[in-house]
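J.: Below is the structure I would like to discuss, written out as structure tokens.
The values are calculated or read from the model by the stated rules, or taken from the named source; none is laboratory data. In this text the structure is predicted, and so the values were computed from the model without any measurement. Note that we place each Cβ from the backbone using ideal geometry, even for glycine, and neighbour counts take in every protein chain shown.
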Amino acid sequence: MDEFVTLGYLGTLGGCVGVVTLVTQVAKQYVDISPKWWVLIVSVTVVMIRQAVFVGDMSGYGIAEAGVNILICMAAASGLYEFTVKPAEKAIERKQHND
């Protein structure tokens with residue numbers, strides 16, 4: 001391993017976070033489960049698919065890496081929603097309420 005973090009790694013992890021955020025926001029409209037559970041379910045699914053299909057490493061090391069990536073993905077997806085989507089939703093509600 002020459003580099004600790006590569007641009008490709010950050011890109012795929014960022015893509016995973018985007019997919020998790022999007023799927024969670026859509027799914028929570030149709031199935032009444034806490035968004036935190038949706039983030040967990042979708043993060044595990046997306047990261048494991050990434051690990052098996054794109055990375056191709058299902059060894060013990062690969063599974064451990066996937067576990068760390070799941071935690072990172074969950075934290076980032078939750079934070080992305082809290083700092084970008086939620087304030088936008090509140091601003092839209094205030095605007096609709098004032099009109």
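J.: Is it the case, given these coordinates, that residue 45 is in a helix (DSSP H, G or I), within 21 Å of residue 12 (Cα to Cα), polar (S, T, N, Q) and modelled with pLDDT under 85? Break it down into steps so the answer makes sense when it comes.
T.: Values: in a helix (DSSP H, G or I): yes; within 21 Å of residue 12 (Cα to Cα): yes; polar (S, T, N, Q): yes; modelled with pLDDT under 85: no.
Answer is no for this residue.
J.: Sticking with this structure for a sec: Under 8 Å between Cβ atoms, at least 6 apart or on separate chains: pull out the pairs that start in region 25-38 with a residue that is closer than 22 Å to residue 88 by Cα and end on any residue that is part of a helix (DSSP H, G or I) and among the aromatic types (Phe, Trp, Tyr).
T.: From residues that are closer than 22 Å to residue 88 by Cα, the pairs are 25/81; 27/38; 28/38; 35/81.
J.: Within region 1-24, can you find the residues that are closer than 13 Å to residue 55 by Cα, modelled with pLDDT of 80 or more and hydroxyl-bearing (Ser, Thr, Tyr)?
T.: 12
J.: Looking at (1) at pLDDT 90 or above; (2) surrounded by 13 or more Cβ atoms within 10 Å (Cβ to Cβ), find the lone condition where residue 30 falls short.
T.: (2) is the only condition that residue 30 fails.
J.: I'm trying to understand the selection: among the residues of region 33-51, which are of a type outside the set (A, V, I, L, M) and either buried (at least 18 other Cβ atoms within 10 Å of the Cβ) or closer than 16 Å to residue 71 by Cβ (or both)? Break it down into steps so the answer makes sense when it comes.
T.: Keep residues of region 33-51 that are of a type outside the set (A, V, I, L, M), which gives 34-38, 43, 45, 50-51.
Listed by number, the residues that qualify are 36, 37, 38, 43, 45, 50, 51.
J.: Continuing with this model, one more query. Are any of the residues in region 77-96 modelled with pLDDT of 90 or more, part of a helix (DSSP H, G or I) and surrounded by 17 or more Cβ atoms within 10 Å (Cβ to Cβ)?
T.: No: zero hits.
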